[in-house]
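Report on the following structure.
The values are calculated or read from the model by the stated rules, or taken from the named source; none is laboratory data. Nothing here was measured: the structure is a model prediction, and the numbers come from that model. Note that we place each Cβ from the backbone using ideal geometry, even for glycine, and neighbour counts take in every protein chain shown.
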Amino acid sequence: MTLARVLPCIAIGFALARPSSAQIYETVGIRAQGMAGAFVAVANDSAATWWNPAGLATGAYFSGSVEQRTGQGGGDEGTRGVSLMVPSLGLSYYRLRVGAVAPASATGSPGRAGPDQGTGGSVPSFVLTQFGVTTGQSIGEYLVVASTVKLVRADQFRGDLDLGALMKVGSLHLGISARNMVAPDLTADGNPIEHKRQVRVGAAYVPPSRGGLSLTAAVDADLTTTGTIGGDTRHVAGGGELLAGRLGVRGGVSINTVSDLRPSFSGGASVAVRKGTFVDAQVTRGDDEAMKAWGFALRVTF
């Protein structure tokens, strides 16, 4: 076989190789997704084990949730998770089915995997599981720093670490969260998985509740770029939440700032089925394929 024939075969082999991908912040947390991902400085329920470990020291004495999410542009992507949190400890388990990113083009930009890269016209995907233990420490009156030590598994178990900090000055909350600090090499079916560091900052206005009404407004911004089945993502998000007795409503807008601006719009609601027990739901739609999702959770807090 001549070199002219060998080189195209090698190129086709690389093109058909199963690509890598990564989970984004919005992969977990039904309340957080209902606020379009503006949650790093809010993080006052057990989803703090994912969003910002420093949220361990805020919110109720106990928070726990079981959640199910289907999303990121369809396919078989989704999340199942169980998490709980008390002031000194958080525990979490997440099972993530993540869609794959197509190999980089000649310009170096990954795209969505095509139908020919999976069976039955579906986008190829892999399962990533994560076990986490979250602990934190107050520093003075206003600052909390915390970490989540993780065991992450695809083909094999690897250790990883998330870090977070949260400052509260009156009604103003400022937060920063850094995920995947170790960034271990991971593979799924022998193929590499993108598992890079991710950093997000956020601010929230959380005034004291009045007359049974509680209002939260927040903004978040990614400082890093992450590859997904919808292409590269780097989000700026704004959202709000209104709680009134047994009912809560929330909404927000997120914009993917990589290349063409791609907005997405989120909405969610919570209903208390009994005191301290809530059913949460959310839906996100828009031009950003990485954000499209719907999900629900059972959340207990007291």
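Side notes on the structure shown:
- Test result for Ser92, hydroxyl-bearing (Ser, Thr, Tyr), in contact with a Ser or Thr (Cβ under 6 Å, 6 or more places away or on another chain) and either at pLDDT 95 or above or more than 21 Å from Asn256 (Cα to Cα) (or both): yes
- Residue among Arg262, Arg246 that is free of Cβ contacts under 8 Å to residues at least 40 places away in the same chain and buried (at least 18 other Cβ atoms within 10 Å of the Cβ): Arg262
- Extreme residue, nearest to Ser125 (Cα to Cα), among residues of region 181-200 that are at pLDDT 90 or above and not aliphatic (A, V, I, L, M): Thr187
- Filtered residues of region 228-246 (kept if of a type outside the set (Gly, Ala, Ser), touching a Ser or Thr at 6+ places or on another chain (Cβ under 7 Å) and modelled with pLDDT of 95 or more): Arg234, His235, Val236, Glu241, Leu243
- Identity of the residue in region 146-160, in a strand (DSSP E or B) and surrounded by fewer than 17 Cβ atoms within 10 Å (Cβ to Cβ), that ends up farthest from the chain's Cα centre (by Cα): Phe157
- Selected residue (criterion: surrounded by the fewest Cβ atoms within 10 Å (Cβ to Cβ)) from residues of region 113-145 that are at pLDDT 90 or above and over 20 Å from Gly59 (Cα atoms): Val127
- The lone exception for Pro184 - which of (1) over 23 Å from Thr58 (Cβ atoms); (2) part of a strand (DSSP E or B) it fails: (2)
- Scanning region 196-226 for residues that are under 12 Å from Tyr25 (Cα atoms), touching a residue at least 24 places away in the same chain (Cβ under 8 Å) and assigned to a strand (DSSP E or B) yields Gln198, Val199, Arg200, Val201, Asp220, Asp222, Thr226.
- Out of Ala165, Ala203, Ala178, Ala221, sole residue that is modelled with pLDDT of 95 or more and within 27 Å of Leu247 (Cα to Cα): Ala203
- Sole residue being farther than 22 Å from Ile30 by Cα, touching a strand residue (DSSP E or B) at 6+ places or on another chain (Cβ under 6 Å) and surrounded by fewer than 19 Cβ atoms within 10 Å (Cβ to Cβ), chosen from Pro184, Pro192: Pro184
- Of the strands (runs of 3 or more DSSP E) lying entirely inside region 251-302, the ones with 2 or more residues being farther than 18 Å from Ser65 by Cα are found at 262-274, 277-286.
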